[in-house]
Amino acid sequence: MFTQRNKVLLVTVLVVAVIFSFASVMMAKEYVPGTPLKVGFIYVGPIGDLGWSYAHDEARRICEDTFPWLETVYVESVAEGSEGLYIDKLIMEEGCDVVLTTSFGFMDGTLISAQKYPDKIFAHCSGFKRNPNMMTYMADFYQIYYLNGLIAGALTKTNKTAYIGAFPIPEVKRHMGAFAVGVRETTPKAEVLVRWIYEWFSPTAAKEAAEALIADGCDVFAFTEDSPTIVQVAGEKGLPSFGHYSPMYDFSPEYVVSGQIAHWEAVYLDFLAKVYAGAYTAHNLADVDYWWLLKEKAVEMGAKPGMLMNPAYEDELKEKKVNDPVLGMISVYDLVMKRLEQMSDPSMVFDPFNGPIFDRDGNLKVPEGLRMSVFELTTIDWAVDGIVGPWE
Amino acid sequence: MGWETWIVTTLSRSLAYGTPLLLGTLGEIYAERSGVLNLGVEGMMIMGAYSGFTTAYITGNPWLGILVAAVVGGAFSLIHAFTSVTLKANQVVSGLSLTMLGLGLSGMFGRGWEGKPLPATIPKITVPGLSKIPFLGPIFFEGQNLIVYMAILLVPLLWYILYRTRIGITIRSVGENPATADSLGINVDRVRYMCVLIGGVLAGMAGGYLSVAYRPAWTEGMTAGMGWIVIALTIFAFWNPAYGMLGAYLFAALYHLSFRLQPWVSPELLKAMPYAFAILVLIFVSRGTLKKRIGAPAALSLPYTRGEE
């Protein structure tokens, strides 16, 4: 069947393969605290998207500049489902001690890899599956969307605010819900009109969805899509909008009112420092979940860092008054400041999802005196009262 | 909200989003009429988008951006002309490579250009007087830019050249039967080069429109499959510029409506609609009798070598 020569060749190949597979297992040593740490990042989009992946990469660079003992590598535009291959590459070829995967869709692949390399440390962003060597983390925007909603409700003249969503998943629904709670707090009659584009990144779809909502009479814009397109479209029409994920002020300086900015470095610096110190190892991460909000400074409200609100809108927001059951008559500007202060407080005396909250069919979802738990927030699938439009 | 506003906004958006599709389709019609299938439209478009944006950014002149986009698109298409006409390589492979090359190159060079807002874009104009005409005014003469009109004017021009002039007959005969055209003294290679070049120039311009006018910013992969829709629209158009216009605007209107109609119709279904429409048309034009009457140019995608049949 085989000639002598082929047999020799075959055996040689097998021997080499076996040696290499052993070598790779031997190479997979556990990280020793206090030694140089190598971390690999896996991004779902291009780092130039000015959205999600861009924000993670900014944080990566800050970490590398902060810690002299840290070395980082990254892979961008990784399709969800193919993360396993890249994790293998980062660990086997690059020799990473820690791998961070930054998209919900990487969850199962990351878990499989975590089980495959029990001595390596993994961290998955925005998911809920953990392992002794795999933690989860999220810097969430819902509180900021609520603050943006307060402003949007005050600015709308047509009582129609717009929210363009990427995918109908709990994360985006939670942000829409928080936005709607804010809008209704300042203008109880106002609605949040929703359109979905079914892409994380699609400038053309974002543009046409925004144009569709403008045609339907919306005059304030919030969104979840990884490009500044909607800010540009709204700005062209002279309509206010809220930037998403990174500072989008420059794309429409007159009309970006505020927005959500992520500071993933808050999470990364904390986590990597603890790995370096030996506090977090490949054996004690099963219960580690960073769910970081305003009070941890993992997120910031602003049109760009340091600019909480566009000064062009300050007067209008100071003039508009609302009657709060606790705070009494208060301007929207002061209300935003008060809420920001309350949520930044370590004891978080206020949260947008404090009851009573109804869904749009009139069912009481969060009774008075209660607050939604992290689990309820991460699995929310109902539409908060005031949201109008498709939901699945 | 009345049905009038529905019609006005839908058609107005259809013009704005349909313009790059129309430009690309017109170009591809010419290339394919001469017998060259160019699947590199996406690549030429994105090169146009990238070079148009960078030029407009550096010079502050958006029109120069569009011009450079057209030149770069044209130059890029010559790669395809060289491999498929001169080297007589497989046109499908060459075109696909062009797309990949364009996406790769623009992505690589475009790195530092992401996230920069353009200081000046192609202005939107409102024609005084004409914009007051009911219906037509707000659709055609309010908030559109000059490139939209340019694309519309190109349609009768390119149609006339293709069907009513000697140049048009030459192009079509090269695409139908290059051997006969050659025996009549027509330089087949030169005609094909010219037509591929026209395709490249228009695709580049379409890309420039996207990054300088439609949504003034550069992002990697921003053409997002538009080049492939152009290929489908070319077939839908029966290789006729007039039907190309119909197809591009119809597709664009469906795309816009897929967001407008979301509250009433399942968004997934709406999202699939423009593409389902493209497939239906492909099935329709592939039917036997119709194929004979208005089918593809007979020599489409076949390299021509003198003396070989």
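The values are calculated or read from the model by the stated rules, or taken from the named source; none is laboratory data. Here the structure is a predicted model, which is why all the values come from computation and not from measurement. When we count neighbours, we look across all protein chains shown, and the Cβ atoms used for this are built from the backbone with ideal geometry, even at glycine. Heads up: the accessible areas ignore ligands, DNA and RNA and are worked out on the full protein's heavy atoms, side chains in. Shrake-Rupley method; radii C 1.70, N 1.55, O 1.52, S 1.80 Å.
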With under 30 Å from B:Ser211 (Cα atoms), within 12 Å of chain B (Cβ to nearest Cβ), of a type in the set (Val, Ile, Thr) and assigned to a strand (DSSP E or B) as the only criterion, which of A:Ile164, A:Ile230 stands out? A:Ile164
Pick from the range B:89-103 the residues that are assigned to a helix (DSSP H, G or I), of a type in the set (Gly, Ala, Ser) and open to solvent by less than 40 Å² (accessible area, probe 1.4 Å): which of them is nearest to the other protein chains (Cβ to nearest Cβ)? B:Gly102
So which of B:Pro138, B:Pro156 is assigned to a helix (DSSP H, G or I) and within 14 Å of chain A (Cβ to nearest Cβ)? B:Pro138
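With respect to A:Ala286, is the statement that it is buried (at least 17 other Cβ atoms within 10 Å of the Cβ) and small (Gly, Ala, Ser) true?
Here the answer is no, as A:Ala286 does not meet what is asked.
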Condition check: part of a strand (DSSP E or B), open to solvent by 10 Å² or more (accessible area, probe 1.4 Å) and more than 23 Å from A:Lys297 (Cβ to Cβ). Does A:Leu239 satisfy that? no
Output the residue which, of all residues in the range A:39-75 that are farther than 25 Å from A:Gly243 by Cβ and assigned to a helix (DSSP H, G or I), is nearest to the other protein chains (Cβ to nearest Cβ). A:Glu64
Looking at the range B:252-286, which of the residues that are facing another protein chain (nearest Cβ under 10 Å) and not in a helix (DSSP H, G or I) is surrounded by the most Cβ atoms within 10 Å (Cβ to Cβ)? B:Gln262
Given the residues A:Ile62, A:Ile87, which is the only one that is at pLDDT 95 or above, open to solvent by 30 Å² or more (accessible area, probe 1.4 Å) and under 27 Å from the mean Cα position of the chain (by Cα)? A:Ile62
From (1) surrounded by 21 or more Cβ atoms within 10 Å (Cβ to Cβ); (2) of a type in the set (D, E, K, R); (3) at the interface with chain B (Cβ under 8 Å from one of its Cβ atoms), pick out the condition that doesn't hold for A:Glu191. (3)
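Which of the residues belonging to the range A:253-271 are more than 21 Å from A:Glu171 (Cα to Cα), open to solvent by 10 Å² or more (accessible area, probe 1.4 Å), outside any helix (DSSP H, G or I) and touching a strand residue (DSSP E or B) at 6+ places or on another chain (Cβ under 8 Å)?
The one that is more than 21 Å from A:Glu171 (Cα to Cα), open to solvent by 10 Å² or more (accessible area, probe 1.4 Å), outside any helix (DSSP H, G or I) and touching a strand residue (DSSP E or B) at 6+ places or on another chain (Cβ under 8 Å): A:Tyr255.
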Go through the range A:199-232 and report how many residues are in contact with a strand residue (DSSP E or B) (Cβ under 9 Å, 6 or more places away or on another chain), open to solvent by 10 Å² or more (accessible area, probe 1.4 Å) and within 25 Å of A:Thr102 (Cα to Cα). 1
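Okay, residues lined up against (1) open to solvent by 10 Å² or more (accessible area, probe 1.4 Å); (2) more than 19 Å from B:Met222 (Cα to Cα); (3) within 13 Å of chain A (Cβ to nearest Cβ); (4) in contact with a Pro (Cβ under 8 Å, 6 or more places away or on another chain):
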{"residue": "B:Tyr30", "(1), (2), (3), (4)": "no, yes, no, no"}
{"residue": "B:Gly52", "(1), (2), (3), (4)": "no, no, no, no"}
{"residue": "B:Ile79", "(1), (2), (3), (4)": "yes, yes, no, no"}
{"residue": "B:Phe82", "(1), (2), (3), (4)": "yes, yes, no, no"}
Sole miss for A:Ala114 among (1) touching a Ser or Thr at 6+ places or on another chain (Cβ under 7 Å); (2) crowded, with 22+ Cβ neighbours inside 10 Å; (3) outside any strand (DSSP E or B) is condition (1)
Going through the range B:104-119 one residue at a time, which ones are open to solvent by 30 Å² or more (accessible area, probe 1.4 Å) and either more than 9 Å from every other protein chain (Cβ to nearest Cβ) or hydroxyl-bearing (Ser, Thr, Tyr) (or both)? B:Gly104, B:Leu105, B:Met108, B:Phe109, B:Pro119
Taking the condition of being more than 18 Å from A:Gly149 (Cα to Cα) and open to solvent by less than 60 Å² (accessible area, probe 1.4 Å), how many residues in the range A:356-381 meet it? 7
Could you check, for the range B:224-247, whether at least one of its residues is at pLDDT below 90 and within 11 Å of another protein chain (Cβ to nearest Cβ)? yes
Go through the range A:305-325 and give me each residue that's open to solvent by 20 Å² or more (accessible area, probe 1.4 Å) and touching a Ser or Thr at 6+ places or on another chain (Cβ under 9 Å). A:Met307, A:Leu308, A:Tyr313, A:Lys318, A:Glu319, A:Lys320, A:Lys321
